[in-house]
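Input: a single structure, listed below in structure tokens.
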Amino acid sequence: MWTRTEVKEQGRQSMKLNYWPSVGAGLLLTIATGGGVANSGPRLFKQFHGSGEQVEHIQNIEHVDQAGFILIVIAVLIAIAFVLITSSAFRFLLLNPLQVGCRHFFRENLPAPANINGVLYGFQNGYGRNLLAMLLADVFSFLWGLLLIVPGIIKRYSYRLVPYILEDEPGLSPTEVITRSRQMMDGQKMNAFILDLSFIGWALLTFVTLGLAGVFYVLPYKAGTDAALYEAIKAEQYS
């Protein structure tokens, strides 16, 4: 059985042996998994929502008639829809394949220093397959999340290994990749959750240093650890 100490040490050592490429890939992975552009939709929605008081104020002004107010509301709704659609398309077409490539880099970086060009793997190998598999994982997680928060989190852990399996087993179809991830994470979800919790202190340090500790240490360290976790689970599955 793998231990947190072992996989974290492997992640740390792989980062140290190939430091600057690991930093760059870690930053790209953070963007790909929602740390940057992928969250622009919700943030902008909050901005539009926050401007509701201004809309109400305009409505109360006598010289703005009802038709004008309706046009304002329609314009705001169209703008919100445009932001959400474009951000979702950006994630689907660019960020998800980028995540596959970044996961590939960190997995290749475990035994020996990997080339930073590996982050493009998701675009160069099975692009359509990568798109569909990652989309299915997102949709399934979202649908489970509609039921309750906890089932959504559990399913997110079930599909955690999808990016690794996509590049590790290119012969599997997108649905088979989803199934394989679910099978491999059976009995591993709680341990993986506790592994993530062990990085809370590093997350606080990242916050205190205004993100500097995250960019130059925590992000590549965590990504390397995640890759080591996949290898450890895989070794147990096929031992």
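What follows is calculated from the coordinates using simple rules that are stated; it is not laboratory data. Bear in mind that the values here come from a model prediction, so they are computed numbers and not experimental data. Here Cβ is always computed from backbone atoms with ideal geometry, including for glycine, and neighbour counts include all displayed protein chains.
Pop a pseudo-label 7 angstrom from the Cα along the beta-carbon direction at both residue 169 and residue 205 and give the gap in nm to one decimal.
Once both label points are built, they end up 3.6 nm from each other.
Taking a ≥ b ≥ c as the square roots of the Cα gyration tensor eigenvalues, with a/c under 1.5 meaning rounded and otherwise prolate when a/b beats b/c, else oblate, which class fits the range 120-239?
Prolate is the answer for the range 120-239, as a/c is 1.5 or above and a/b outweighs b/c.
For residue 117 paired with residue 148, estimate the spin-label separation in nm (one decimal), with each label point 7 Å from Cα along the Cα-to-Cβ line.
5.0
What is the fewest-to-most order of 141, 198 by other Cβ atoms lying within 10 Å of their Cβ?
Lowest count first: 198, 141.
Which ³J(HN,Hα) values in Hz, rounded to whole numbers, follow from the phi angles of the range 134-144 under the Karplus curve 6.51 cos²θ - 1.76 cosθ + 1.60, where θ = phi - 60° and Gly and Pro get x?
Computed from phi, the couplings for the range 134-144 are 5, 5, 4, 4, 5, 5, 4, 5, 5, 5, 5 Hz.
Residue 20 label point, 7 Å along Cα→Cβ, cut-off 13 Å on backbone N: hits in the range 94-122?
Answer for the range 94-122: 116.
Could you tell me the calculated FRET efficiency between residue 186 and residue 5, based on Cβ-Cβ distance and R0 = 22 angstrom, to the nearest 0.05?
Given R0 = 22 Å and the Cβ-Cβ separation, E is 0.45.
How would you rank 105, 142, 199, going from fewest to most other Cβ atoms within 10 Å of each one's own Cβ?
Taking fewest neighbouring Cβ atoms as first place, the list is 142, 199, 105.
Taking the Cβ of residue 122 as the center, what net charge do the other residues with Cβ under 11 Å away carry, scoring Lys and Arg +1 and Asp and Glu -1?
So the environment of residue 122 carries a net charge of +1.
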